[in-house]
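**Q** Mind looking over this structure? Questions follow.
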Amino acid sequence: MPELPDIALYLHALRPRVVGAPLERLRIASPFLLRTADPPVADLSGRTIRDVRRLGKRIVLAFADEYFVVLHLMIAGRLHWKPAGAPIPRRAGLAAFDFAHGMLLLTEAGTQHRASLHVVRGEGALAAHDPGGLDVFAATPEQFHAALTRESHTLKRALTDPRLLDGIGNAYSDEILHAARLSPLRLTSQITPEESERLFRATRETLGQLDGATTCRNGRRVPGESDRIPERDGRPRPVPPAVPGVRIAGAAHPLREQRGELLRQVPDGRAAARRSLAVAAPEAGLATLAGRAGGARRALTSLAMETPVRYERVFHVAVDDIDELDHVNNVVYVRWVQDVAAAHWESATSPAERAEIAWVVLRHEIDYKHPARPGDQVIARTWVGPPSAATFERHTEILRAGDQRVLARARSLWCPVHPGTGRLRRIDPALHDRFYAR
């Protein structure tokens, strides 16, 4: 779905083409597109477009006499500039804005008909389409922090909530969290002022860089003359400075180095014991415990022979989860894996315990079996693997609720850290015990 930089690029290309030009007529080819009946579409004919603007993730065409067209492209909607009088494509064409010097064509790939067009009159009617999120480019760090912490959510969810922050979706929130070196599972209620300011700077810099790069590269072209709007500028992202306790794919992980140092501190006389600690976990294949001393090793080894408790959570496929191939995007499965893991942890621990331990993902391995479709209800089922004092191995199955078909399987490796310092934490065997059935 187009987000703030993408919409900014559309507006940059549309202004010299349509602002100041009278609309000859608006042709609607799909009955699913138009969502309003009053005022009628015919009222727009002959009226001049005074401005084009952004309203969240929507494009607004402002006409004379306070008439407005609100376009929501959703996932597969695209705008193209065509010669005047060009026909509307039979399969993908939704609508055409006819001008004397050209035509603005709206298309949508797929058959789900999610793109929408509203015709409204008056600023009050237009304001009803505004989700109310904060504009990060017009906000102060204090206002950003207040909006971010208004409700207790994960950072990922808070960034993508249009009621809290304006114009940020699933794709660019990942870019922002990468730049800020913050975990998407970090709760907004736990974020420090320094982290909030870092996230604020990363949000403005990331969205600004992407907007500037795409605008510079595409100039005055409307996506669709020769290609559609790019969702990235195609260039590698710079790796920001390291922040303790946050994993960036492809980078050396300081926590893994700390864990290796802990293993090396185990007395040499225990080498044979370390080699003999391979245990057979009933649900997972990788089951080698290494370098744990004394009673902690014996407790964890015996614990591995127990049956892990399975935890389930139901998710509904949302409109924003669907990609251009009309099925759930692969990154949504990662979100479900992380969300069900967080819910499992919260269900088994107290607030005081959660305040002392945070989690960092070291690895996600996902096998995609079958696609999830719009309207599906899915079940994410998770359980922990062989225990270790330094890591949590976790397994997840994602099934379609209707026919119990397995859609994906995942194996994740989580590392416990101190929320304030980011230093490695060791897990008490008694805490492990809550995730196993005796």
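Just so you know, all these numbers are worked out from the coordinates, no wet-lab data involved. No experiment lies behind these values; they were computed from the predicted model shown. Positions of Cβ are generated from backbone atoms using ideal geometry, with glycine treated the same way; all protein chains shown enter the neighbour counts.
**Q** Over region 4-127, what per residue volume does the convex hull of the Cα atoms give, in whole Å³?
**A** Numbers: hull volume 11.7 nm³, N = 124.
Normalising the Cα hull of region 4-127 by residue number yields 94 Å³.
**Q** Please list, in chain and number order, the residues 5+ apart from LEU55 or on another chain whose amide H is under 5 Å from its amide H, with Hs placed from the backbone.
**A** Those qualifying (amide H under 5 Å, at least 5 residues apart or on another chain) are VAL60.
**Q** If you don't mind, there's one more thing I want to ask. Going by how many other beta carbons lie within 10 Å of each one, how would you line up THR154, THR140, THR349, fewest first?
**A** Starting with the residue having the fewest Cβ neighbours, the order is THR140, THR349, THR154.
**Q** Treat every Asp and Glu Cβ in region 332-438 as -1 and every Lys and Arg Cβ as +1, leave all other atoms uncharged, and give the resulting dipole magnitude about the Cα centre to the nearest 20 debye. Walk me through the numbers on the way to the answer.
**A** Details: 16 positive and 12 negative charges, 38 e Å.
For this selection, approximately 180 debye.
**Q** Which aspartates and glutamates does LYS82 reach when only Cα atoms under 19 Å apart count, and residues fewer than 8 places away in its own chain are ignored?
**A** Partners within reach: GLU24, ASP98, GLU108, GLU225, ASP227.
**Q** In addition: Run the dipole for region 4-127 about the Cα centre, Lys and Arg Cβ at +1, Asp and Glu Cβ at -1, nothing else charged, and hand back the magnitude in debye, nearest 20.
**A** Rounded to the nearest 20 debye, it is 400 debye.
**Q** Now for a different question. Among 55-66, 20-31, how do they line up from the highest to the lowest mean number of other beta-carbon atoms within 10 Å?
**A** Values: 55-66: 18.8, 20-31: 15.4.
Taking the mean over residues of other Cβ atoms within 10 Å, the ranking is 55-66, 20-31.
**Q** Which value in Å is the Kirkwood Rh of region 141-218 over different Cα pairs?
**A** About 12.5 Å, per the Kirkwood formula over Cα pairs.
**Q** What is the sum of charges, Lys and Arg at +1 and Asp and Glu at -1, for the other residues whose Cβ falls under 15 Å from the Cβ of LYS369?
**A** Summing Lys/Arg as +1 and Asp/Glu as -1 gives +1.
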